[in-house]
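Input: a single structure, listed below in structure tokens.
The values are calculated or read from the model by the stated rules, or taken from the named source; none is laboratory data. A quick note: this is a predicted structure, and the numbers were derived from the prediction, not measured. Neighbour counts are summed over all protein chains in view; Cβ atoms, including those assigned to glycine, are modelled from backbone coordinates with ideal geometry.
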Amino acid sequence: MESVERFAGIWLDFREARIVFLPADGKALITVIPSKVDEGKVKGGSRSKTPWGPMDQVSEPGHARRKEQQIKEYMQDIAGSLRGVTAIAIIGPGEAKLRLKKYFKSLPGHSIVIRKVEPADSNLSDKQLIASFRAMVEV
């Protein structure tokens, strides 16, 4: 019995991930996974004890830890949507694609083959995404 490769292409940044499933019958399916990663400015803080001291004391390490946790949950959401997929290609404009590759490599006993990781524009349409991932499958 011959195993059939199930391929998915992932375009992502830290705002959303678009996963393109390319089954053997040719009809592509796109799933969008929104990110809950906070990219905004650090908020909150408290006054210092001196009357004219700095007005905004914020825990930068706490904000960084919270952002790292949100990124980890985002990567888990993406990985969870790839059940049954045997090979992937990851493209995107920033560092998120490299973080996802690193996340997959850190999973114990992961069986997904990462075919390609490369930069891509952030304004690709769905048709352009499907075409670029089809080209990767046919190669």
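Assorted remarks:
- Of the set (1) loosely packed, with under 11 Cβ neighbours inside 10 Å; (2) of a type outside the set (Gly, Ala, Ser); (3) modelled with pLDDT of 85 or more, all apply to residue 16 but (1).
- For the stretch 97-133, a tally of residues being closer than 20 Å to residue 29 by Cβ and under 14 Å from the mean Cα position of the chain (by Cα) returns 2.
- Hits in the stretch 25-61 (condition: assigned to a loop (DSSP other than H, G, I, E, B), modelled with pLDDT of 75 or more and of a type in the set (A, V, I, L, M)): 28, 37
- In the stretch 89-139, residue surrounded by the most Cβ atoms within 10 Å (Cβ to Cβ) [restricted to those that are in a helix (DSSP H, G or I) and acidic (Asp, Glu)]: 126
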